[in-house]
């Protein structure tokens, strides 16, 4: 059988092709090249080389092109990018045959943290000039990404001494095993050298881990408030990730409805979104100011952002209108979908705060059975969340003689309720979110913001960070969002249209 034959490797060719002929006219690498060359990296904050003697340095533009191509191609490691520069024809075209080593590539990212952040902003300005963003409707959401810190490099104050004893015990066990081998050797008994080498290696690894435990213990001794110490990345925190709790970061994004482009990005160590509304609203306002966008924006958030204090603080924020899903309504919806497992929940249905009637004239509440609850203090108390509430308490005798007590409270003092000082406002806000018009607005959130997260994590493979420390991580996430936007605009405009826009607006 005859098969297709390749060209012999030692055959000479009469006509040599230039590098440019190897790349298609509409290849996206040409867009990368044109866009980077249109930027003033010095104005963006990149550190410019001042070397006057010795080997000439690589242009910053070359290394930035390498990173953009690599991140688009799911390659983020500096060592893999070094290899790509040597064997990938598109990368060879992009760098004009230059092959910087991995340390040069890695140092560029380390030394230009602020400049890399500004690339995201510069591209957002470009998208605004082209008319790809409107800020008419913005959806905010978050996800978690793993940090460069394993679970074994995370230490809790309450477990540190127990862990230290356990590691010391294992070291002693291995040392005893070596003693036994020494005794066998004394009697000329055969011993496998590989077994001894394995035991010694395990002991050395355990001693290194013991040093990490000692370092963590030192941090706990110096800071009494510190409860968890992360040895590799001190700024990360435990995050819920696919049903598991791992060291990571909470990443926040705001997406524009027009073309699902990311307009705002941030990284925090918070384990939930209850206090993230204010920072995200502020960042949206900042970006709108920078882009000279004056029109009002509908900002949509899911129930994870539903915090009374945050809503009160932001409902009149300039230039934005807040839309947030009701947390309790979302919980009810989830219970219906999964099946209500809290059948013995107290207070039971019918005995919740909404079932208590308020008497404005006497400033008292009446329970579902008609018993009064009186205010305990004239001044409101402050909860940990910052919410201010008044407490209303039922007479203990009334609760003791009530046949429905088991459904209402387990407190020996009897039933009490805490009523927010902003109850009237919050009731009105919740009702406004239930109108048909606002329900349709809130429903847009998923289609706007889930697309970026799906692309970032599934298509591009960004499920963890390469950098350590929250400032470095923020810089890396900004670059990830820039890469997503770049990829999205390539899809919207096509490479040729993108090149025309660069020529026109840059």
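Observations on the structure shown:
- Compared with the dominant Cα axis of the chain, that is its longest principal axis, helix 102-111 is turned about 40°.
- Rounded to the nearest 10 degrees, the inclination of helix 193-222 to the longest alpha-carbon principal axis of the chain is 50 degrees.
- Sorting 440, 371 by the number of Cβ atoms found within 10 Å of their own Cβ, with the fewest placed first, yields 440, 371.
- Once the Cα-Cα distance is subtracted from the 0.36 nm per residue extended length, the residue 379 to residue 416 segment shows a gain of 11.7 nm.
- Here's the picture: a label point sits 7 Å out from the Cα of residue 96 along the beta-carbon direction, and within region 14-34 the residues with their amide nitrogen under 15 Å of it are 19-20, 33-34.
- For the chain, the relative contact order comes to 19 percent (Cα pairs under 8 Å, sequence separation of at least 6).
- Per-residue [θ]222 nm for the chain (sum of -39500 (n - 2.57) over DSSP H runs n ≥ 4, rounded to 500): -15000 deg cm²/dmol
- For the chain, DSSP calls about 80 percent of its internal beta bridges antiparallel.
- Take every pair of alpha-carbon atoms less than 8 Å apart whose residues are at least six positions apart; their mean separation over the length of region 337-424 yields a relative contact order of 25 percent.
- Rg(Cα) / (2.2 N^0.38 Å) computed for region 194-274, rounded to two decimals: 1.69
- Taking other C-beta atoms within 10 Å as the exposure proxy, 479, 429 rank 429, 479 from fewest upward.
- Here the extension length gained between residue 151 and residue 5 equals 47.3 nm, from 0.36 nm per residue of separation less the Cα-Cα distance.
- Remark: spin-label model distance residue 168-residue 435 equals 6.8 nm, labels positioned 7 Å along the Cα→Cβ axis.
- Counting every other Cβ atom within 10 Å of each residue's Cβ, 229, 462 order from fewest to most as 229, 462.
- Seen through its C-alpha gyration tensor, with square-root eigenvalues sorted a ≥ b ≥ c, region 337-424 comes out oblate because a/c lies at 1.5 or above while a/b is not bigger than b/c.
- Spin-label pair residue 506-residue 24: with each label point 7 Å from Cα along the Cα-Cβ axis, the two points sit 2.1 nm from one another.
None of the figures in this text is laboratory data; all of them are computed from the coordinates on show. Predicted, not measured: the structure shown is a model, and the values here were computed from it. Virtual Cβ from ideal backbone geometry, glycine too; neighbours counted across all protein chains shown.
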